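S.K.: The structure's right below; bear with me while I get my questions together.
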Amino acid sequence: MDQSSSDIRILVVDDNEDILIATEVLLGNHFSNVTLMNSPRDVISELKKHTYAVALLDMNYTQGAVDGEEGLKLLQDIKSTSPATQVILMTAYAGINLAVDAMKVGASDFVVKPWHNDRLITTILSAVNTHKNHQRIKTLEQTQETLLSDATRGFNMLIGESPGMLELKKMIESCAKTDASVLITGESGTGKEVVANCIHQESNRAAKPFISVDMGAITETLFESELFGHKKGAFSGAYSDKVGRFVSANKGTLFLDELGNLPYAGQVKLLRVLQERMVTPVGAKEGQNVDIRLISATNENLQKNIEAGHFRQDLLYRINTIELRLPPLRERKEDIPILADFFLDKYKRKYKKSQLALTEPLKYQLHDWHWPGNVRELQHMMERAVILSNDTLIDFTFMLPQSGENHKSPDLAEQKPLEPELLSLKETEKQAILNVLEATQNNICKAASILGINRASLYRKKLKHGIE
């Protein structure tokens, strides 16, 4: 398989000019960035300038040398300078002991001159894939470290002192140290992923990965590949092995958000994995044991979905050993000033506007809004206000998107809150979507952001509720 990519660098080091010319011609058909060097003298300085995916090295550079010691020394220096670079050694004097020594030092493979062209290209492509996987792992590790260092850990992630939030924190404290499966329910934008992360941080798995999956963003055809992984060649486009989310979350926590969007066929496969605690990548012959703590979330009424034949009862039993309901913002209004101050401080730092403040009348007006988009809407509103306000006090006219005369005057306090007890969950969700679409002038990206879902999920929900 040909592969041409400007970000893949291949380094070839050999004192034989004929070998360099031959490799340049051969590799030039597959890679756009090949560097040739006829001496090991400047290899290390070159590696300090650029990142090389693969280095193809001769084993001997002194006339008459056949023991491969020079190549082994250069290999050690390369791995010390650039550990992610995959090194392939080549020599006309092959020997089992030399190959073993090379592998111990860190070589990824060993080829014998004269080589078969197809064999060499296959070897290099395999090394490139290994390099890419190492880079992905490094990126994931760095991301995880950043998240752990930047995020406020534990219960400090849950902002609010209302009775509902205090009860939620108490339930989290009771279940966090266990491995019980948790189902988090609540409207869009209430902060279900924050709760899931809090459970993980308070659990015995806090030092292990927290892998979040938006089930609403995964197509039915890619469901197995994304969650369980696949083997190279398992289907068209599977050019390399892929590690699924279950394996990525091994020993840690797997968070399945928007679980109500999972198609029925996918529910069967998920249930089997949860029962057996074993995943089989697409195209693999053998399964792999996984040890994960499962947390799921949905804004759907799963019991109604079961009655309608859209969700499996046995899967619900499996995922909701503990069920946590996250109250909408309109049911915890005493938390609104606390949340508003939190987001204000966050965006003051981000946009370097340290003098901005909320007035007490404005806090009162925020209290009386019905918050169809919940915490996500408040967050979006505060960011917008910080960006647009230039004085020391937040200007209320910036708090909501402007969409005609209806939003020009600061009369938020006159808005009557919704009466959620008079609406079914389906009607409440539809009304929330309609309100946010109106406020954003039908801007799907903004509306999805406020509602705390992705664009694909919003399109599906509009179709579900018959919204034009």
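S.K.: Considering the range 433-468 alone, what residues qualify as being of a type in the set (Gly, Ala, Ser) and within 17 Å of Asn261 (Cβ to Cβ)?
M.R.: Ala448, Gly452, Ala456, Ser457
S.K.: Where the second residue is open to solvent by less than 60 Å² (accessible area, probe 1.4 Å) and of a type outside the set (Val, Ile, Thr) and the first is under 14 Å from Gly229 (Cβ atoms) and without any contact (Cβ under 8 Å) to a residue 24 or more places away in the chain and lies in the range 270-291, which pairs have Cβ atoms under 9 Å and are six or more apart or on separate chains?
M.R.: From the range 270-291, the pairs are Met278/Gly287; Gly287/Pro281; Asn289/Asn250.
S.K.: Within the range 9-29, can you find the residues that are more than 26 Å from Ala65 (Cα to Cα) and either in contact with a His (Cβ under 8 Å, 6 or more places away or on another chain) or surrounded by 19 or more Cβ atoms within 10 Å (Cβ to Cβ) (or both)?
M.R.: Listed by number, the residues that qualify are Arg9, Leu27.
S.K.: When Glu24 is evaluated against the numbered criteria (1) of a type in the set (D, E, K, R); (2) free of Cβ contacts under 8 Å to residues at least 40 places away in the same chain; (3) farther than 23 Å from Leu125 by Cα, which criterion, by number, is the only one it fails?
M.R.: The single condition Glu24 does not satisfy is (3).
S.K.: Which condition breaks for Thr35 when tested against (1) open to solvent by less than 20 Å² (accessible area, probe 1.4 Å); (2) part of a strand (DSSP E or B)?
M.R.: Failed condition: (1).
S.K.: Same structure, new question: How about the range 40-60: which of its residues are open to solvent by less than 30 Å² (accessible area, probe 1.4 Å) and free of Cβ contacts under 8 Å to residues at least 60 places away in the same chain?
M.R.: Val43, Leu47, Tyr52, Ala55, Leu57, Asp58, Met59, Asn60
S.K.: If you don't mind, another one. Can you find a residue that is small (Gly, Ala, Ser) and open to solvent by 30 Å² or more (accessible area, probe 1.4 Å) anywhere in the range 309-329?
M.R.: The first filter runs over the range 309-329 and keeps only residues small (Gly, Ala, Ser), leaving 309.
Among the residues that remain, those that are also open to solvent by 30 Å² or more (accessible area, probe 1.4 Å) are: 309.
Checked against the condition, which is being small (Gly, Ala, Ser) and open to solvent by 30 Å² or more (accessible area, probe 1.4 Å), the range 309-329 yields at least one hit.
S.K.: Could you pull out every one of the helices (runs of 4 or more DSSP H) wholly within the range 184-289 that has 1 or more residues that are β-branched (Val, Ile, Thr)?
M.R.: Because the criterion is at least 1 residues that are β-branched (Val, Ile, Thr), the helices (runs of 4 or more DSSP H) in the range 184-289 that meet it are 192-201, 245-248, 264-276.
S.K.: May I pose another question? Identify the residue in the range 366-411 that is open to solvent by 30 Å² or more (accessible area, probe 1.4 Å) and modelled with pLDDT of 85 or more and, among all such residues, is nearest to the chain's Cα centre (by Cα).
M.R.: The selected residue is Arg376.
S.K.: Let me ask something else about it. Restricting to the range 34-48, name every residue that is closer than 18 Å to Ser82 by Cα and not hydroxyl-bearing (Ser, Thr, Tyr).
M.R.: Listed by number, the residues that qualify are Val34, Leu36, Met37, Pro40, Arg41, Asp42, Val43, Ile44, Glu46, Leu47, Lys48.
S.K.: While we're looking at this one, here's another question. Of the residues Leu89, Leu72, Leu125, Leu98, which is of a type outside the set (Lys, Arg), assigned to a strand (DSSP E or B) and crowded, with 17+ Cβ neighbours inside 10 Å?
M.R.: Step by step, each of Leu89, Leu72, Leu125, Leu98 is checked, and only Leu89 is of a type outside the set (Lys, Arg), assigned to a strand (DSSP E or B) and crowded, with 17+ Cβ neighbours inside 10 Å.
S.K.: Right, here's the next one. Output the residues belonging to the range 346-365 that are under 13 Å from Thr392 (Cβ atoms) and open to solvent by 100 Å² or more (accessible area, probe 1.4 Å).
M.R.: Once the filter is applied, which keeps residues that are under 13 Å from Thr392 (Cβ atoms) and open to solvent by 100 Å² or more (accessible area, probe 1.4 Å), the range 346-365 yields only Gln355.
S.K.: Taking Asp67 and the conditions (1) open to solvent by 10 Å² or more (accessible area, probe 1.4 Å); (2) closer than 18 Å to Thr35 by Cβ, which numbered condition does it fall short on, given that it satisfies the others?
M.R.: Going through the list (1) open to solvent by 10 Å² or more (accessible area, probe 1.4 Å); (2) closer than 18 Å to Thr35 by Cβ, Asp67 breaks only (2).
S.K.: Can you tell me which of (1) open to solvent by less than 50 Å² (accessible area, probe 1.4 Å); (2) on the phi > 0 side of the Ramachandran plot is the one Gly283 doesn't meet?
M.R.: Gly283 satisfies every listed condition except (1).
The values are calculated or read from the model by the stated rules, or taken from the named source; none is laboratory data. Since we're looking at a predicted model, the values are computed, not measured. A quick note on method: Cβ atoms are made from the backbone with ideal geometry, for glycine too, and the neighbour counts reach across all protein chains shown. For the accessible areas, the whole protein counts, side chains as well, though only heavy atoms, and no ligand, DNA or RNA atoms are used. Shrake-Rupley method; radii C 1.70, N 1.55, O 1.52, S 1.80 Å.
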